[in-house]
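Accompanying notes for the structure given below.
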Amino acid sequence: MLKSLHLSAVVLVLLIARSVHADDALSRQVLPKGLQIVFRETHATPLVSLELWILAGARDEGPGELGCAHFLEHMLFKGTHLRPAGQVDTDIERLGAILNAATGPDYARYYTVAPARNLSPALEILADVVRNAILPASKVERERAVILDEIAQHRATQSSRLVDQLYALTLAPLPYSHPPAGTAATIAACTRDGMKRFYDRCYVPERALLVIVGDIEPARALSESTAIFGNWQRGGQASDQATAVAIPLPRASQSHLADPGPRRAVGMAFIGPPASSPAAAVAQVTQALLGTRNGGRFAATECAAHYSPRRDTSLFILTNEGAAGDGPLRQALQRLQTSAPTESEMAAVVGREAADARLETQRAGGLALRLGTGIISGAPPDQEARLRAVTPAQVSAFARGWLDLRHAVTLWLEPSFPGETP
């Protein structure tokens, strides 16, 4: 179940949120034990999307727990006190739905889309999976093999290896330096006892967000959610999630690693703003301007820009998997630092991203995903207004300040040859 959000999704998550709040279509409640619930009523289809987000991602792993967040996500489907292994899938399929999950840097996410008439039984299954997992020891080794295969598939692409290594170099020893899915080494070392400790500490209502979007009446959805989740007991520990960790700017550095890829690749990592920062909107526009997806005079051939804002400090990464090396990356930055984008270039970029967001949020599942991602990452609710307010001067200032080459961590992946160990 190794999944990831699109790299631009976190900042774009609430492109529609301003209008949602403006017409009061978004409702929020916090149950007495701490569970936050968000409701969005939309009657385009007779479906309801349910998303249960837990602040239990790689960010929350402590000593001896590396890899536990992702491993635990898998193990929650291996049986509960009410349902033996396999029964969860059978029960949810009888409702015309499929239950799935994903792990990210800041969260574990459990989600389904079901017929609206089945809201209550779908909620009950979701609650059972998350609250009552037994983590059977007999299933651990089989699931370990599944996860190791997922990691191998992820690392099969050079771009994934490059970005993972840049996080490791730039943010070590902080939790964000580790891939959310874990590594082959951390998954191999993960134990059931470690997962149980992580589960008991993090899977508590004060660290949880339930998003319900679709053909529902909020009053009914609240009543049924309260009946099912209302007795979920607090963990008794502070969530420790509100404050972003400040990361000192690194000095410019160059590293080289042997890599099994067929060609040379290079990446530059810069410290970037967290999702809650006003600079996150500027970073998103800058990413779009530098990315080849939008074209334009700031994009470089075979280069890509990566910015995925998180609750804490994020990275802004530029990569080139072509033969030209880091020259195009430096040239693209120099153009942006010395020549501000025009108003029309800015409008085109923001317009394309907004159109993508509108298309995605026409589905209940897409809307629930974006709402949940925004809230869990700490993104402000007026993100569309912030994006549209970004000025060309702010973009150039961001490129000069945040993307200063004196603080770039540069990594070269060099093709390895037979007999070499990457």
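The values are calculated or read from the model by the stated rules, or taken from the named source; none is laboratory data. All of these numbers come straight from a predicted model, not from anything done at the bench. Using ideal geometry, Cβ is built from the backbone for each residue, glycine included, and neighbour counts are taken over all protein chains shown. With ligands, DNA and RNA removed, areas are computed over all heavy atoms of the protein, side chains included. Shrake-Rupley method; radii C 1.70, N 1.55, O 1.52, S 1.80 Å.
Are any of the residues in the range 170-191 open to solvent by 50 Å² or more (accessible area, probe 1.4 Å), closer than 22 Å to N132 by Cα and of a type outside the set (V, I, T)? For the range 170-191, residues open to solvent by 50 Å² or more (accessible area, probe 1.4 Å), closer than 22 Å to N132 by Cα and of a type outside the set (V, I, T): absent.
Of the residues R142, R117, which single one is within 19 Å of L99 (Cα to Cα), part of a helix (DSSP H, G or I), open to solvent by 60 Å² or more (accessible area, probe 1.4 Å) and out of contact with any Asp or Glu (no Cβ under 6 Å at 6 or more places or on another chain)? Being within 19 Å of L99 (Cα to Cα), part of a helix (DSSP H, G or I), open to solvent by 60 Å² or more (accessible area, probe 1.4 Å) and out of contact with any Asp or Glu (no Cβ under 6 Å at 6 or more places or on another chain) holds for just one of R142, R117, which is R117. Check the range 78-99 and report whether any residue there is in a strand (DSSP E or B), open to solvent by less than 20 Å² (accessible area, probe 1.4 Å), β-branched (V, I, T) and touching a residue at least 40 places away in the same chain (Cβ under 8 Å). Yes.
One residue stands out in the range 29-58 among those that are open to solvent by 30 Å² or more (accessible area, probe 1.4 Å) and outside any loop (DSSP other than H, G, I, E, B): the one that is farthest from Q233 (Cα to Cα), namely L47. Among residues of the range 232-257 that are at pLDDT 90 or above, those with a Cβ under 6 angstrom from a residue that is open to solvent by 100 Å² or more (accessible area, probe 1.4 Å), sequence gap 6+ or separate chain, pair up as A252/R406. Checked against the criterion of being surrounded by fewer than 22 Cβ atoms within 10 Å (Cβ to Cβ) and modelled with pLDDT of 95 or more, the range 6-28 has no qualifying residue. Can you find even one residue in the range 156-167 that is among the β-branched types (V, I, T), in contact (Cβ under 8 Å) with a residue 60 or more places away in the chain and surrounded by fewer than 20 Cβ atoms within 10 Å (Cβ to Cβ)? No, because not a single residue in the range 156-167 is among the β-branched types (V, I, T), in contact (Cβ under 8 Å) with a residue 60 or more places away in the chain and surrounded by fewer than 20 Cβ atoms within 10 Å (Cβ to Cβ). Screening S377 with (1) of a type in the set (S, T, N, Q); (2) in contact (Cβ under 8 Å) with a residue 24 or more places away in the chain; (3) out of contact with any Lys or Arg (no Cβ under 6 Å at 6 or more places or on another chain) gives one miss only, at (3).
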